[in-house]
1. If I model a spin label at residue 27 and residue 165 as a point 7 Å from the Cα along the Cα→Cβ vector, what separation in nanometres do I get?
2. Need the C-alpha centroid separation for region 246-314 versus region 1-72, integer Å.
3. Taking the Cβ-Cβ separation of residue 304 and residue 232 as r and a Förster radius of 25 Å, what is the calculated FRET efficiency to the nearest 0.05?
4. Beta carbons within 10 angstrom, averaged per residue: use that to sort the peptides 55-61, 71-77, 127-133, highest first.
5. Tell me, what does the Kirkwood hydrodynamic radius of region 11-122 come to in angstroms if you use every pair of distinct C-alpha atoms?
6. Sort the following peptides by mean Cβ neighbour count (other Cβ atoms within 10 Å, averaged over residues), highest first: 357-369, 12-24, 136-148.
7. Label residue 178 and residue 245 with points 7 Å out from Cα along Cα→Cβ: what is the distance between them in nm?
8. How many nm separate the modelled label positions at residue 123 and residue 202, each set 7 Å beyond the Cα in the direction of the Cβ?
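Just so you know, all these numbers are worked out from the coordinates, no wet-lab data involved. Here the structure is a predicted model, which means the values were calculated and not measured. Glycine also receives a Cβ, built like all others from the backbone with ideal geometry; neighbour counts cover every protein chain displayed.
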């Protein structure tokens with residue numbers, strides 16, 4: 001489609017239906033050290049872009065449109081649109097060169113994805129400066145994209161390795177728990193009070209470890225869109241009372257002063273009870289575990305619009321504002337001198353967010369360092385359309401564009 005005058009340097013596609021204009025740009029660009037390739041109408045410009053994958057495109061606005069389905073005066077804009085919407089060429093910078101200096105044409109060029117404009121007749125120095133600037137930007141963007149791709153590949157390797165390790169850990173841990181239960185029941189002989197306490201502590205820590213393993217596996221299942229959502233009617237007061245009863249022994253051990261505050265008007269809502277219970281279990285565990293001294297813990301619920309708003313409040317160490325977003329990311333944890341020194345998977349709040357998002361709700365935190373934390377969980381009273389069938393059984397659940405059999 002054109003002569004490439006030099007062997008090295010960035011490749012620039014010049015598209016113009018006037019041969020003299022193409023030759024002028026070729027001379028200027030080759031003097032600046034760039035390779036060039038030409039196209040003389042819209043279809044050939046699109047084809048050249050996909051064939052040669054240039055580092056930059058210089059497009060005339062008015063060219064023969066061929067089969068592009070636009071008028072001649074819009075050809076350059078349509079070529080740019082097609083380049084920008086294809087992932088193979090979307091990052092190629094585009095400069096429009098035109099005799100038109102109309103504001104409307106510039107707006108159309110920006111809307112089509114153009115990066116810069118040159119008005120005929122153009123200055124060679126201005127052309128060189130703009131080409132160099134856009135090529136530097138493209139190089140930085142390409143480097144960032146490559147770094148991001150490599151990071152995603154490393155994350156996948158890490159996640160696959162973790163899932164493999166976790167699966168291997170679960171079986172022996174289950175056997176350990178079974179043995180500890182037999183010991184606690186006296187199947188291997190009577191235990192002294194001190195031995196019983198030691199076995200109880202080991203059993204509790206093993207159950208905590210098993211819960212962490214379940215978090216890791218559940219997060220993986222949700223991220224892979226392989227989780228089954230089974231919405232059932234849930235009474236907020238009954239749900240929270242059940243949680244308080246299950247945690248009563250732990251509250252005694254940790255000297256936690258726990259209380260409920262459920263508004264009388266709070267309605268029944270539909271959600272997957274098993275998953276929602278684990279959300280609140282994680283929030284309670286965070287409040288109790290991440291404080292070095294006994295805390296006051298309050299769990300409340302009330303209706304807000306078409307949702308039920310739950311609040312888990314504590315007067316523990318609090319979370320600095322800069323970590324309010326980080327803690328919901330996978331393996332995100334609070335760091336620094338004030339961070340509690342406890343073992344954590346960094347997945348508990350990630351699991352909470354994924355489950356709440358799956359239900360069409362929201363979760364957020366309000367906290368200051370040294371002033372405690374308030375975690376808010378807002379869940380819709382009625383599942384979104386398609387989440388619940390007419391007979392109350394689970395049906396199709398849509399998460400991030402993927403349809404799940406739930």
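1. 6.6 nm
2. Cα centres, region 246-314 to region 1-72: 64 Å.
3. 0.70
4. Most protected by this proxy first, the peptides run 55-61, 71-77, 127-133.
5. 13.6 Å
6. With the highest mean Cβ count within 10 Å placed first, the list reads 12-24, 357-369, 136-148.
7. A separation of 2.9 nm, rounded to one decimal place.
8. Inter-label distance under the simple model: 8.3 nm.
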